[in-house]
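Notes for the one structure printed next.
No value in this document is a laboratory result; all are computed from the given coordinates. What you see is a predicted model; the values in this text were computed from it and never measured. In this analysis, Cβ positions are derived from the backbone assuming ideal geometry, glycine residues included, and neighbour counts consider all displayed protein chains.
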Amino acid sequence: MKQTERIAGFVLLAITILFGMFGLSSSMLYFRLAMGCILGYALARGFMGFAGSVNRAYKGGSTKLMRTLMFMFFVSAAVSTAVLYNADVSQFDLWVNPINLGLILGGLLFGFGMAFASCCASGVLTDLVAAFPRGIVTLLFFCIGVFAGFPIQNTASWVQDSLIKFGDKNGVYFPDLFGFDGLQGYLGALILTGILCLIVVKLSYLYEKKRKEAGTYFGIGSETVQLAAEKKSLDETEPVCPCSEDGYEKYISRPWSLKTSVLVISAVFVLLMGVTKAGWGASTPYGFWFGKLLMLFGVKVETIVEFTKGAAGPYQMPFFEHPINVQNVGIVLGTFIYMLTSNNFVSFCKSSWKMNPKQALFYAIGGFAMGFGTRLSNGCNVGALYTPIANFSLSGWIFLIVMVTGGVVGNIIAKKVRL
């Protein structure tokens, strides 16, 4: 079985490359597929996801993932500076999101939902491989939530218009606050971002210390596995042949540390910024997917457009012509490739296949809450949190606060119902 999984993983990698080369209509779509695969691979091999930043802290007391995310946010902001400095920012699709009631309500709903579903918009894609029953239920209702939220996102001023503005942006763009710093505001923006990251890191350490002192720190299983892998790497003093079984384990199977994973994700982020002139987004196409599903059952596109108050194009275009669709499929494939090449796919399937009706209900509630919340906050954990922070938007930090708050409330409820 071990050899079968490995072979299947490399065959899938080859098929993915061939599909990108010959099955997609442009090199840009191939680029999106490649970036998605790398993101999925990094998320899977690093045992990470944005939802875990709150869920792990609440359930096990560990804030390691939250602290690592702050490291990723700062690194991504720093490398974004290299792309944006001396450039015409009007040519970029910067995610300087509006600051309003929608951002707050959406963040609360999203955090609440990810506590039930144990994932986020990108995490649900990796769950389709690692925990299929949970992943498919969550994704279906996530799609429904996004679709149901489209009319509000497309018409409500309390979602579209920012209550706090500075300069010509519909929100607050940190470089605009520091135009006097001699470096187009990016020095001040980067320093402010670093300070905010350090504040979160400090609060995370204090919280973890309090949990340890109270005897309620239990740790996280995946982090223990990663620590063992890191220790094994440090203890290796002799060169390991890449072609040997030990070499395969070291270079292909062994889990990455959280920092390695986020460095890879940061590299993908700056590539997206440089090539596509935009950051990482994931959730909007989920609503389009549900619309396409309705069309399969005879619902006319005119009816969908009338309900969503949006354009017909995303529902009519071929699936693999939409760049984010291709990127999201890449995330699934990247996860699949790691799970197979690391010999973990079968074992994960066996351990995660069971799902009782109560779990299914709460996964559905969580998926819908996250999907609907993304329309109010104009994004998910990548579109309303990561990309805005890396793009120096104040909205990302506000989303972080309300998302954590919603996540804590959701975890409290999940604990009471013994989810």
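Cross-link pairs exceeding 24 Å in C-alpha to C-alpha distance, out of Lys358/Lys416; Lys354/Lys416; Lys59/Lys209; Lys169/Lys259; Lys231/Lys259; Lys64/Lys232, comprise Lys169/Lys259. The average projected area of region 123-182, computed from the convex hull of its Cα atoms over all directions, is 6.9 nm². For a straight C-alpha distance cut-off of 18 angstrom, the lysines reachable from Lys309 (same-chain residues fewer than eight places away being disregarded) are Lys292, Lys300. The alpha carbon centroids of region 284-336 and region 74-121 are separated by 22 Å. Given axes a ≥ b ≥ c from the Cα gyration tensor, I'd like to know whether region 256-297 is rounded (a/c under 1.5), prolate (a/b larger than b/c) or oblate. Oblate shape, in that a/c is at least 1.5 and b/c is the bigger or equal ratio.
For the chain, what is the mean residue ellipticity at 222 nm derived from helices alone (per DSSP H run of n ≥ 4: -39500 (n - 2.57); sum divided by total residues; nearest 500 deg cm²/dmol)? Value at 222 nm, helices only: -22000 deg cm²/dmol. Both radii were evaluated on the Cα set of the chain; the Rg over Rh quotient, with Rh as the Kirkwood radius, amounts to 0.96.
Estimated translational diffusion coefficient (Stokes-Einstein, Kirkwood radius over Cα pairs, 25 °C, 0.890 mPa s) of region 263-419: 133 µm² per second.
Between Lys358 and Gln91, the simple label model (points 7 Å from Cα in the Cβ direction) yields a spacing of 5.7 nm. Result for the chain in a Gaussian network model with C-alpha springs under 10 Å: among Thr224, Thr68, Thr276, the largest mean-square fluctuation is at Thr224.
Put in line by how crowded their Cβ is, counting other Cβ atoms within 10 Å and starting with the fewest, Thr126, Thr341, Thr374 read Thr341, Thr126, Thr374.
By the count of other C-beta atoms within 10 Å, a proxy for reagent exposure, Ser25, Ser283, Ser76, Ser342 are ordered fewest to most as Ser25, Ser342, Ser76, Ser283. Would you please give the FRET efficiency between Ile164 and Thr237, computed as 1/(1 + (r/R0)^6) with r the Cβ-Cβ distance and R0 = 56 Å, to the nearest 0.05? Computed FRET efficiency for Ile164 and Thr237: 0.50. Among Asn328, Asn344, Asn381, the largest mean-square fluctuation in a Gaussian network model of the chain (Cα springs under 10 Å) belongs to Asn344. Quick check on region 191-271: take the gyration tensor over C-alpha atoms, sort the square-rooted eigenvalues as a ≥ b ≥ c, and tell me if it's rounded (a/c under 1.5), prolate or oblate. Note, shape of region 191-271 comes out oblate.
The ranking of Phe348, Phe178, Phe116 from fewest to most other beta carbons within 10 Å of each one's beta carbon is Phe348, Phe178, Phe116.
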